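First comes the structure, then the notes that go with it.
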Amino acid sequence: MKETQNIKTEELKVTDKVIALMGPTGSGKSTFISTISGADQGVHDLMSCTNEIKAMRVRVTREDEDIDVVLVDTPGFDDTYKSDYEILQMISEWIKQAGYKNILLDGLLYLHRISDNRMAGTPLRNLEVFEKICGPQACTRVAMVTTMWDDVESEEMGDMRERELVTSFWKPMIDRGSKVVR
């Protein structure tokens, strides 16, 4: 059983490994954290479930060493209640507050539903904003994560969409060192 704890920004420790999750509403950010932590993040309906930034410390053991990983759940872009601008302000403020304690992001996961059959304008704008947040230097700490593979018509269709993401939409991030993960 993993040891988990919801924490506030002021409770962050310099030794924490901080990983933020970003992406559109419904891309699986809260579900990812629930799966990793074993703690229910309350994902049960169609409304956006994350309306504020939440951080959860998960103690994991790796090679006989305990590591505290802080998973930062952010409201999704295209949120039910907040504009993308408001969400970016929230994320920016959270990062600034963490920075006062000399806490930096160790990684950033951008989640994207592979089941989406179009790359509409909103996800494209989200990616542009995401690139601006990360900056070219930070891209090596970014993983572009495809989710919802169980909801895609066929694995071949998912593979085709993933190739298009890699060769087109995510190419600028990948060229700067970002990874792609399923």
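Every number here is computed from the coordinates shown, using simple stated rules; none is lab data. As the structure is a prediction and not an experimental result, all values here were calculated from the model. No Cβ is skipped: glycine too gets one built from the backbone with ideal geometry, and neighbour counts run over all protein chains shown.
In order along segment 22-35, phi translates into HN-Hα couplings of 9, x, x, 4, x, 8, x, 4, 5, 5, 4, 5, 4, 5 Hz, rounded to whole numbers, per the Karplus curve 6.51 cos²θ - 1.76 cosθ + 1.60 with θ = phi - 60° and x for Gly and Pro.
Put in line by how crowded their Cβ is, counting other Cβ atoms within 10 Å and starting with the fewest, Arg182, Arg113 read Arg182, Arg113.
Treating r as the C-beta distance of Lys8 and Val166 and R0 as 30 Å, the FRET efficiency rounds to 0.20.
Amide H contacts under 5 Å for Glu3: Arg59, restricted to partners 5 or more places along the chain or on a different chain, H placed in the peptide plane at 1.01 Å from N.
Sort Thr31, Thr146 so the one with the fewest other Cβ atoms within 10 Å of its own Cβ comes first. Please list the in-between numbers first.
Values: Thr31 16, Thr146 24.
The fewest-first ordering by Cβ neighbours comes to Thr31, Thr146.
Sorted ascending by nearby beta carbons within 10 Å, beginning with the fewest, Trp94, Trp170 become Trp94, Trp170. Backbone geometry of segment 166-179 corresponds, through the Karplus equation with coefficients 6.51, -1.76 and 1.60 at θ = phi - 60°, to 3J(HN,Hα) couplings of 5, 8, 10, 5, 9, 3, x, 6, 5, 4, 9, x, 5, 9 Hz, x marking Gly and Pro.
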